[in-house]
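Please read the structure below before turning to the comments.
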Amino acid sequence: MARVREAVGTKVKLMIDANQSWSIDEATRRLKLLEEFDLVWIEEPLPATDIQGFIELGKRIRIPRAGGESLYSPAAFYDYLRQGALDILQPDVARVGGITNAIKVCQVAESANLHVAPHVSPELSVSIAASVPNSMMIDMCPDGASTEATSAD
């Protein structure tokens, strides 16, 4: 990460996606080492259903916690938001029940002063991101390679 930050400088936004692969202790250990690199977020460091783990991780690290691509309803997002388990919500339009539900998630996030980064399906996610004031970017994976694409900044 030090080499990447040095190569791209401080004006480039960096995020990490752990794809639900770490335990709470592993996430804490790894992310403490990465805090100095000014990351925009850590995406799904823990299993998506581990709401208590996300809450605990928020007490241990300073990097914003992003997630939600594996949540399937606005109510599930509300539970995470209400308990302070995520800092950036990433509704996946195909998984959350379509454009209307994705926008509902964004509106709930806005009411809590949280940002959103709609997940994949860029042809739909860009419309969702453009329709809400709290969108910071869309999260997309073109051609199978994971990349993050900015939209609002």
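The values are calculated or read from the model by the stated rules, or taken from the named source; none is laboratory data. Predicted, not measured: the structure shown is a model, and the values here were computed from it. Because the Cβ atoms are built from the backbone with ideal geometry, glycine has one as well, and the counts that use them run over all protein chains shown. The area values use the complete protein model at the heavy-atom level, side chains included, leaving out ligands, DNA and RNA. Shrake-Rupley method; radii C 1.70, N 1.55, O 1.52, S 1.80 Å.
Structure above, values below:
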| quantity | calculated |
| --- | --- |
| Cross-chain or 6+ apart pairs with Cβ under 8 Å, the range 48-62 first and crowded, with 16+ Cβ neighbours inside 10 Å, then acidic (Asp, Glu) | Ala48/Glu69; Ile51/Asp79; Gly58/Asp87; Ile61/Glu35 |
| Selection within the range 103-127 - among the aliphatic types (A, V, I, L, M) and within 25 Å of Leu14 (Cβ to Cβ) | Val105, Ala109, Ala112, Leu114, Val116, Ala117, Val120, Val126 |
| Residues (open to solvent by 60 Å² or more (accessible area, probe 1.4 Å), within 14 Å of Pro74 (Cβ to Cβ) and of a type outside the set (A, V, I, L, M)) located in the range 93-140 | Arg95, Thr100, Lys104, Gln107, Glu110, Ser111 |
| Scope the range 110-133; condition over 17 Å from Trp41 (Cα atoms), at pLDDT 95 or above and in a loop (DSSP other than H, G, I, E, B); matching residues | Ala112, Val132, Pro133 |
| Members of the range 15-24 found to be among the aliphatic types (A, V, I, L, M) and either modelled with pLDDT under 95 or not in a loop (DSSP other than H, G, I, E, B) (or both), listed by number | Met15, Ile16, Ile24 |
| Some residue of the range 40-51 being out of contact with any His (no Cβ under 7 Å at 6 or more places or on another chain), within 22 Å of Ala94 (Cα to Cα) and assigned to a helix (DSSP H, G or I) | yes |
| Residue that is nearest to Ile55 (Cα to Cα) [pool: residues in the range 68-80 that are assigned to a helix (DSSP H, G or I) and open to solvent by less than 30 Å² (accessible area, probe 1.4 Å)] | Tyr80 |
| Count of residues meeting criterion [touching a strand residue (DSSP E or B) at 6+ places or on another chain (Cβ under 8 Å) and open to solvent by less than 30 Å² (accessible area, probe 1.4 Å)] in the range 17-33 | 3 |
| Residue satisfying condition, being in contact with a helix residue (DSSP H, G or I) (Cβ under 7 Å, 6 or more places away or on another chain) and among the aliphatic types (A, V, I, L, M), within set Ile63, Ile55 | Ile63 |
| Residue in the range 134-153 that is at pLDDT 95 or above and over 23 Å from Ile16 (Cα atoms) present | no |
